[in-house]
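K.L.:
I am attaching a structure below and will ask some questions about it afterwards.
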Amino acid sequence: MPTINAYRVHKPGGPDALKYEAVELADPGPGEVRVRHTAVGLNYIDTYHRSGLYPLPLPSGIGVEAAGIAEAIGEGVSDIKKGDRVAYATGPLGAYSEANNVAAGRMVKVPETVTDEQAAAMMLKGMTVHYLLHSTYKVKPGDTILAHAAAGGVGLLMCQWAKALGATVIGTVGSQEKADLAQANGCDHPINYVQSDFVETVRELTGGKGVPVVYDSVGADTLLKSMDCLSPRGTLVSFGNASGAPPAIDPGVLGNKGSLFFTRPSLFHYTLTTEELRHRAEELFKVVSDGTLTIPINQRYALKDAVQAHMDLEGRKTTGATVLIP
Ligand SMILES: NC(=O)c1ccc[n+]([C@@H]2O[C@H](COP(=O)([O-])OP(=O)(O)OC[C@H]3O[C@@H](n4cnc5c(N)ncnc54)[C@H](OP(=O)(O)O)[C@@H]3O)[C@@H](O)[C@H]2O)c1
């Protein structure tokens, strides 16, 4: 049983609630693989777990995404071998660590064309963008879509991938630098929503028609306004809470505003089986390997500096993806 360094949360709170500690890691159980991490993904959901917005049984590990080497193989695992390069985006929480035991059925082998850092940066964000654009609402050539936080980790991948599918992308961003970055990643019309009313701009850009889908990861500050950007029978996808938990939606309002569809999807429900998970991961690896998608890793921190990484992510200082290096 090795001793490793890992973050633990004992009490919900701000970034300081993350405590880096030496812990004993059990040998992998049946169906599990111990992964020695080479890169760990930073995701906004980690802040919800840390702050208590998504309550956890405490104390708890933290982090849901990493890449590394399969170091020890549990009983009954046949598809992953010792020494394989693997990656995962799944619970139970514990990716902010030097090593973690993960169910073999929730991990994928990383192809040679993808680096460990890329894998750690894209598994969760990339598979999320895959299901949002292909399954939650199927984006078609000629669609105009609205994506919030377009210069973020999920946002830049969404701009690139939606553009590659033939869509026109309108994206909201918090600064001019972020607008330029989103544009360089395929966002046709970045809107600085700190300075201007994004509902008005979306209406102008679409000749008053509105868009068939809004991907809203910002939550509290944007969700109700996002509804006003939709065309009749449009789909409002609420998939995050970067500005706080979104308000309740009254079904009557969905009717009055044009027989709208409302959904609150989670990656977990779009990767229910190992087959579905590996299918999405393969599609993601394919578009990264052929150059359709580039993974913008714009910040790197030592794993021991995860507190600073959380401060920067919540302070809207990061763009694209961030990795923590053990
Ligand atoms: N449901 C799912 O399956 C799923 C999966 C993955 C991610 N997500 C969600 O997708 C979103 C993006 O995740 P990410 O890891 O890629 O993060 P991110 O987009 O890189 O960071 C969050 C961004 O949200 C924007 N934002 C707006 N208001 C904010 C506020 N009050 N405080 C902080 N940020 C604010 C900021 O961009 P601006 O400054 O440009 O506004 C910020 O950079 C998160 O909401 C996350 O929970 C959901």
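We did not get these values from a lab; they are worked out from the coordinates using the rules stated. Just so you know, these numbers come straight off a predicted model, no measurement behind them. Using ideal geometry, Cβ is built from the backbone for each residue, glycine included, and neighbour counts are taken over all protein chains shown.
K.L.:
Kindly provide the set of residues from segment 175-190 that are more than 17 Å from Gly315 (Cα to Cα) and more than 10 Å from the ligand (Cβ to nearest atom), ordered by number.
P.N.:
The answer is Asp180, Gln183, Ala184, Asn185, Gly186, Cys187, Asp188, His189.
Quick grid of which residues meet (1) free of Cβ contacts under 8 Å to residues at least 60 places away in the same chain; (2) among the charged types (D, E, K, R); (3) in contact with a Pro (Cβ under 7 Å, 6 or more places away or on another chain); (4) surrounded by 15 or more Cβ atoms within 10 Å (Cβ to Cβ):
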| residue | (1), (2), (3), (4) |
| --- | --- |
| Cys159 | yes, no, no, yes |
| Val173 | yes, no, yes, yes |
| Asp180 | yes, yes, no, no |
| Val194 | yes, no, no, no |
| Gly208 | yes, no, no, no |
| Met227 | yes, no, no, yes |
| Ser238 | yes, no, yes, yes |
| Pro247 | yes, no, no, no |
| Val253 | yes, no, no, no |
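K.L.:
Just give me the residues in segment 284-304 being surrounded by 15 or more Cβ atoms within 10 Å (Cβ to Cβ) and either part of a helix (DSSP H, G or I) or not polar (S, T, N, Q) (or both), in sequence order.
P.N.:
Leu284, Phe285, Val287, Val288, Leu293, Ile295, Pro296, Ile297, Arg300, Tyr301, Leu303
K.L.:
Shifting gears a bit: Could you please let me know if Gly142 is over 16 Å from the mean Cα position of the chain (by Cα), surrounded by fewer than 21 Cβ atoms within 10 Å (Cβ to Cβ) and not in a loop (DSSP other than H, G, I, E, B)?
P.N.:
no
K.L.:
How many residues does segment 279-324 contain that are within 18 Å of the chain's Cα centre (by Cα) and away from the ligand (no atom under 15 Å from the Cβ)?
P.N.:
Summing the residues that are within 18 Å of the chain's Cα centre (by Cα) and away from the ligand (no atom under 15 Å from the Cβ) in segment 279-324 gives 7.
K.L.:
Answer yes or no as to whether Asp16 is part of a helix (DSSP H, G or I), within 16 Å of the ligand (Cβ to nearest atom), on the phi < 0 side of the Ramachandran plot and in contact (Cβ under 8 Å) with a residue 60 or more places away in the chain. Break it down into steps so the answer makes sense when it comes.
P.N.:
Working: part of a helix (DSSP H, G or I): yes; within 16 Å of the ligand (Cβ to nearest atom): no; on the phi < 0 side of the Ramachandran plot: yes; in contact (Cβ under 8 Å) with a residue 60 or more places away in the chain: yes.
No, not satisfied.
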